[in-house]
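The values are calculated or read from the model by the stated rules, or taken from the named source; none is laboratory data. Quick caveat: nothing in here was measured; it's all calculated off a predicted structure. Positions of Cβ are generated from backbone atoms using ideal geometry, with glycine treated the same way; all protein chains shown enter the neighbour counts. To get the accessible areas, we keep the full protein, side chains included, count just its heavy atoms, and leave off ligands, DNA and RNA. Shrake-Rupley method; radii C 1.70, N 1.55, O 1.52, S 1.80 Å.
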Amino acid sequence: MINNPPDIIYSRSYPLSSSVAAYKLVKYFKVPWVLHLSDPWEDSPLHQYSPKGKSYHKIWENLCFNQANAICLTSQKSIEFYSKKYPKLANKFQLFPNVFDPSEIKRNRYQIRDKLRIVYTGGLAGTRSPNTFLEGLQQFNKVSGMSNLLEVIFAGPCDRKMQAVIKKFNLSNFKYVGSLSLEESIKLQRTADILLIIDSHIHSEELSMYFPSKILEYLIAQRRIVSLTTKNSSTAHIMSQLGFHSIDLEDVDEIANHLGFLADKLVSKSYSYFQIENVPEEFSASYNANRLAELLNNV
């Protein structure tokens, strides 16, 4: 179907089929290849590969990594991991984070309210659980005397296990509204004071290399972000870089304490704390498109 030989092959998105297809095209056309790997491949902690499946992915990851001229990864932890795994290929790895579209940024001035609204939009399934956060909220409600100052809204798809988790808690200031359309989700995000990220629980510090694109959605909403993640994860590093707060996924006490800190900010009318004025250019699609064009020209 490709009548004229391409000058270069660029593969993108989740690995596996896109990378394998690109590999075969590169072998046929004998042209340079830039491989973008958005998630870990053989070593993905979120997939339960059979021994046969893991062997298959190991072979293809090795073939693709050795064939590609440049390999784009989304986080510094990914670069460190793969540089250690493939030391002879370390010069191929380049940092290209997930990005936001600058045209989607619309001014979202802070609206003063009598309650602090915390919003989570995203899926709850597998090891991504609301349990620890809800335990922290429950503890905050019991000991702070300020439960009436908080309003927590969760939205997004939720598997049966996580629905059962939510039903365990009977909290007057918590509401789960189910799945929303993208448009409804963005609208809800823009009404928040605090936007919440809940990472999947990855026990290996080394494999906690995912860059959650939810951070970028939230940045566009121009509100402060709080993440529940594992120690030294990519999420924690990126949040620190942005000047936001991360809490260990299992630290109920710290969640309760931070909710108290946020409630105090509302009481003291520190409204500027919740407003984010500038969205970093380094995560902009236009900025990284220029970087990618330079890479494609030089490969």
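Couple of notes before you dig in:
- The set of residues from segment 172-201 being assigned to a loop (DSSP other than H, G, I, E, B), open to solvent by 20 Å² or more (accessible area, probe 1.4 Å) and among the aliphatic types (A, V, I, L, M) comprises V177, L180.
- N278 satisfies every condition listed in (1) at pLDDT 95 or above; (2) under 23 Å from I220 (Cα atoms); (3) polar (S, T, N, Q) except (1).
- Residue within segment 59-69 that is in contact (Cβ under 8 Å) with a residue 60 or more places away in the chain, within 21 Å of V99 (Cβ to Cβ) and small (G, A, S) present: no
- Complete set of residues in segment 30-67 that are hydroxyl-bearing (S, T, Y) and either touching a Cys at 6+ places or on another chain (Cβ under 9 Å) or modelled with pLDDT of 85 or more (or both): S38, S50, S55, Y56
- Taken as a whole, segment 50-66 holds at least one residue that is touching a strand residue (DSSP E or B) at 6+ places or on another chain (Cβ under 8 Å) and assigned to a helix (DSSP H, G or I).
- A residue that is over 24 Å from F100 (Cβ atoms) and out of contact with any Ser or Thr (no Cβ under 6 Å at 6 or more places or on another chain) cannot be found anywhere in segment 214-230.
- Taking the criterion of being in a loop (DSSP other than H, G, I, E, B) and either open to solvent by less than 80 Å² (accessible area, probe 1.4 Å) or acidic (D, E) (or both), the residues of segment 1-37 that qualify are P6, D7, I8, S13, Y14, P15, L16, V31, P32.
- Counting the residues of segment 243-264 that are open to solvent by less than 50 Å² (accessible area, probe 1.4 Å) and over 20 Å from the mean Cα position of the chain (by Cα) gives 7.
- Members of segment 68-79 that are in a helix (DSSP H, G or I), in contact with a strand residue (DSSP E or B) (Cβ under 9 Å, 6 or more places away or on another chain) and open to solvent by 20 Å² or more (accessible area, probe 1.4 Å): Q76, I79
- Of residues in segment 105-131 being open to solvent by 30 Å² or more (accessible area, probe 1.4 Å) and not in a loop (DSSP other than H, G, I, E, B), the one nearest to E183 (Cα to Cα): R117
- The residues on offer are L196, L292, L207, L242, and the sole one that is touching a Phe, Trp or Tyr at 6+ places or on another chain (Cβ under 6 Å) and not hydroxyl-bearing (S, T, Y) is L196.
- Test: residue in segment 132-148 that is free of Cβ contacts under 8 Å to residues at least 60 places away in the same chain, over 22 Å from the mean Cα position of the chain (by Cα) and at positive phi: yes
- Annotation: V143 fulfils all but one of (1) open to solvent by 50 Å² or more (accessible area, probe 1.4 Å); (2) farther than 16 Å from A256 by Cα; the unmet one is (2).
- Filter result for A90 (crowded, with 16+ Cβ neighbours inside 10 Å, over 18 Å from the mean Cα position of the chain (by Cα) and among the hydrophobic types (A, V, I, L, M, F, W, C)): no
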